[in-house]
Each structure stands twice: as structure tokens, then as C-alpha cells.
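**Q** Please see the structure below; I have some questions.
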Amino acid sequence: MKTKLSVNINKIATLRNARGGNYPNVVEFAQLAQDYGADGITIHPRPDERHIRYTDAYALRPVVTTEFNIEGNPIPKFVDLVLSVKPEQVTLVPDDPNQLTSDHGWDTVKYRDFLKEVIKEFKQNNIRTSIFVDPDLKMVEGAVATGTDRIELYTESYASEFAKGNKKEVEKFASAAKLAHQLGLGINAGHDLNLQNIAYFKQQVPYLDEVSIGHALVVESLIYGMENVIGMYQRKLSGKA
Ligand code: PXP
């Protein structure tokens, strides 16, 4: 089964914001990512708009011809944005406004009624829903009761254990994916996935519909692109190109 790659472009916005102008341009980057084979574009606007902005979501909508995934905590401002931009998918994440990055999944039992309500509204608007969860069977079961189409497994623990040489952590994710599939949910995954750990994850975790990758993909693009770009500068400086 093919697993889609959704490229999270928040880091491109972070670079842009560092200089105050519109370079790099997130819309152009979304276009490039799709030209180079991305199956989707993900953004995660936060209330303080410290990287991707709410206005970026509108600018990206006509350009994202693959699958547009908007992630975030469903506060009223976020719900309004998603309902008006109408991405193909919304991923609900329980992040605090000041959190550096997402660091836990939903307690799908405690927040069942809240999630049920927002999910219903998104689904009525033909937006596929996914909720961010830890690889915990209880949370997967709880997700079913919210009416969500998919879950996104929070992969930080897999990535950090894999980096230490402990491959066993993946078993939790495989069990969660099997249960989710059995209960009729689609399965996404994300956070700290990279070129080192993605193949093993894909091998071990069945029914994986989509991964969303941002931080490492941008760093790896620098690593694998830098040789080319430095060569281009050197050729310009030597008058050869
Ligand atoms: N999924 C969610 C819910 C996230 O918040 C993030 C980071 O914004 C990702 C996936 C992507 O994680 P990374 O940037 O580490 O690839």
C-alpha cells in the first residue's frame, strides 16, 4: 500500500519571517514540493502566527492541488479558518499556544464530546478529519467514539528511541495501527520522522495512509542541496556561469 508524503512547510515560513519580507515564498515552495513529488502540503498555523500565518492558508489553497492538510488546536479562530479555506484534511492537535512544537496526543476519552462536536462540523463541510494521538490502544479506541476519519500517530518516541538504537518502540505503533484499522480508522503518522527512521517505520507499521514531515525534510534538503548550490556560486564567482 502506498503511503502518502505530506510536506510540512512551516519551517519555510520560519525562514521567511526571520527576514521580514516574503523570501522564501511559501506558495512557491508548496508548488516546488508538489513538482518534486510531494503528495500533500501540511501547515500548522499557531495562534501567535510565529511561522505560518492564517493569510498563508488562503494563499496556498488554490496552489495546493495534491492534498492540503491544516493542523492545529481547534480554538474558534482555527475552526473558522479551516471551514473557510476548506482543506482536504484537518488534523486536530492539543497544543498550547506557547508550545515550541506538538508534544502529546489527545486524551480522546476525556475530550470525546468536544472532539465529537468539532469533527461533526468539519465532516459536514466535507473535510476529512484526523486526530493526533499517542500510540496508546485506549486512545485509539477513544478516537473511534469521536467520529474521526483518521488518527495521526505521534511518532516522537519512535524517533528518539530509534536514534538510541532501540527499535522495539515501533511495536506500540504497529499495534495501534492494527487496532485503528480493525476499528475502521485511517492512519497517518508524524513528528521527527526522517530519512534514517522512515523506512523501518513503514516496514513495521501496517495500513499507513500518510506521513507528514517538516523539520527533518527541510534540514535534509539543505544537506543534500548545499553541494550543488555552493558549486553554482563558485562557478559564478569564477566567471564560468
Ligand atoms: N504532525 C504534527 C501534529 C505536528 O505538529 C508536526 C510538527 O508541526 C508534524 C507532524 C511534523 O513534525 P516534524 O516537523 O518533526 O516532521
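The values are calculated or read from the model by the stated rules, or taken from the named source; none is laboratory data. Just so it is clear, the structure is predicted and the values come from calculations on it, not from any experiment. Positions of Cβ are generated from backbone atoms using ideal geometry, with glycine treated the same way; all protein chains shown enter the neighbour counts. Please note that ligands, DNA and RNA were not included when accessible areas were found on the heavy atoms of the full protein model with its side chains. Shrake-Rupley method; radii C 1.70, N 1.55, O 1.52, S 1.80 Å.
**Q** Exactly one of these conditions fails for Asn166: (1) farther than 18 Å from Gln89 by Cβ; (2) open to solvent by less than 60 Å² (accessible area, probe 1.4 Å); (3) in contact (Cβ under 8 Å) with a residue 24 or more places away in the chain. Give me its number.
**A** It is condition (3) that Asn166 fails.
**Q** Tell me, which strands (runs of 3 or more DSSP E) lie completely within segment 55-171 with 1 or more residues that are at pLDDT 95 or above and hydroxyl-bearing (Ser, Thr, Tyr)?
**A** Hits in segment 55-171: 89-92, 128-133, 150-154.
**Q** Yes or no: segment 170-183 includes at least one residue that is under 24 Å from Thr42 (Cβ atoms), within 15 Å of the ligand (Cβ to nearest atom) and open to solvent by 60 Å² or more (accessible area, probe 1.4 Å).
**A** Within segment 170-183, not a single residue is under 24 Å from Thr42 (Cβ atoms), within 15 Å of the ligand (Cβ to nearest atom) and open to solvent by 60 Å² or more (accessible area, probe 1.4 Å).
**Q** Limited to segment 1-11, what total is found for residues that are within 15 Å of Thr55 (Cα to Cα) and either surrounded by fewer than 17 Cβ atoms within 10 Å (Cβ to Cβ) or not polar (S, T, N, Q) (or both)?
**A** So the answer is 1.
**Q** Could I ask something else about it? State which residue pairs qualify: first residue open to solvent by 100 Å² or more (accessible area, probe 1.4 Å) and inside segment 215-241, second residue at pLDDT 95 or above in any location, beta carbons under 7 Å apart, and separation of 6 or more residues or different chains.
**A** Between residues of segment 215-241 that are open to solvent by 100 Å² or more (accessible area, probe 1.4 Å) and residues that are at pLDDT 95 or above, the close pairs are His215/Lys11.
**Q** Could you count how many residues in segment 54-108 are open to solvent by less than 20 Å² (accessible area, probe 1.4 Å), closer than 20 Å to Ile9 by Cβ and among the small types (Gly, Ala, Ser)?
**A** 3
**Q** Before we move on, is Glu141 under 24 Å from Asn73 (Cα atoms), charged (D, E, K, R) and open to solvent by less than 40 Å² (accessible area, probe 1.4 Å)?
**A** No, not satisfied.
**Q** For the structure I just gave you, tell me whether Leu115 is more than 14 Å from the ligand (Cβ to nearest atom), in contact with a Pro (Cβ under 9 Å, 6 or more places away or on another chain) and in contact (Cβ under 8 Å) with a residue 24 or more places away in the chain.
**A** Yes; evaluated as a whole, the condition is true for this residue.
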